[in-house]
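**Student:** Structure in structure tokens, see below.
Each reported figure results from applying straightforward, stated rules to the coordinates on display, with no laboratory input. Since this is a predicted model, take the numbers as computed values, not measurements. Cβ placement follows ideal geometry from the backbone for every residue including glycine, while neighbour counts extend to all protein chains displayed.
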Amino acid sequence: MLARSDVGSWYARYAPRLRRATWRIVGNEHDAEDATQDAFLAAFRAHSRYRTDTDPYPWLVRIATRKALTIAARRERVVTPLGLLMPSAEDEMLARDEARTVVRVVATELPVALHLIEGLRFRDVSERLGIPAATAATRIRRGKRRIRALLAPSFAPPATPYDNPRSKTA
């Protein structure tokens with residue numbers, strides 16, 4: 001069983017790396033520190049469920065990523081330059097839904113999170129998770145494809161009758 005003091009030693013060892021990872025998600029120092037501290041608090045509370053035969057870093061990264069994504073989802077930035085219209089409530093709701101969907105995908109895809117957020121290479125991800133490099137690469141590529149597919153409708157131009165060559169209205 002893991003001793004509670006181990007969580008304290010993890011803080012000294014992993015906090016700077018986790019803070020950088022959470023900063024990439026939330027975009028500011030204050031929220032990154034909050035997410036890092038929340039992650040260690042959650043790890044401390046769940047220390048009895050940790051498997052001591054594994055490296056704690058992937059477990060801590062997953063907790064920290066989820067905490068940072070929760071903070072980012074809660075934060076509502078309303079910064080509008082003068083002269084620009086505020087987005088409609090419907091647009092904001094759709095954007096929030098898309099963000100939640102992307103957050104769910106990234107949170108469930110640990111290899112993608114380690115690669116995109118932590119900046120690890122395929123080989124490093126495979127070593128961290130104890131899986132073959134080809135498996136890590138495949139999971140990362142599939143996760144990126146899922147995220148790209150989720151975001152594609154947001155960046156596609158509006159459809160026009162000219163988009164369909166068989167349309168008789170053009």
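**Student:** Sorted by mean Cβ packing within 10 Å, highest first, what order do the peptides 127-136, 48-57 take?
**Tutor:** Result, highest mean first: 127-136, 48-57.
**Student:** Now, a different point. Between A89 and N28, what's the calculated FRET efficiency when r is the beta-carbon distance and R0 is 25 Å? Round to 0.05.
**Tutor:** The pair A89/N28 has a calculated efficiency of 0.45.
**Student:** Given C-alpha coordinates of the stretch 1-74, what is the ratio Rg to Rh with the Kirkwood estimate of Rh? Working shown, then result.
**Tutor:** Numbers: Rg = 11.8 Å, Rh = 12.1 Å.
Dividing the radius of gyration by the Kirkwood radius yields 0.97.
**Student:** Got a sec? How would W10, W59 order by Cβ neighbour count within 10 Å, fewest to most?
**Tutor:** W59, W10
**Student:** Hey, what's the Cα Rg ratio for the stretch 98-151 versus the globular rule of thumb, 2.2 N^0.38 Å?
**Tutor:** 1.07
**Student:** Net charge within 12 Å of V103 by Cβ-Cβ distance, Lys/Arg positive one each and Asp/Glu negative one each, not counting V103 itself?
**Tutor:** +3
**Student:** For H47, H115, H30, what's the fewest-to-most ordering of other Cβ within 10 Å of each Cβ?
**Tutor:** H30, H47, H115
**Student:** What's the exposure ranking of F122, F44, going from fewest to most Cβ atoms within 10 Å?
**Tutor:** The most exposed by this proxy come first: F44, F122.
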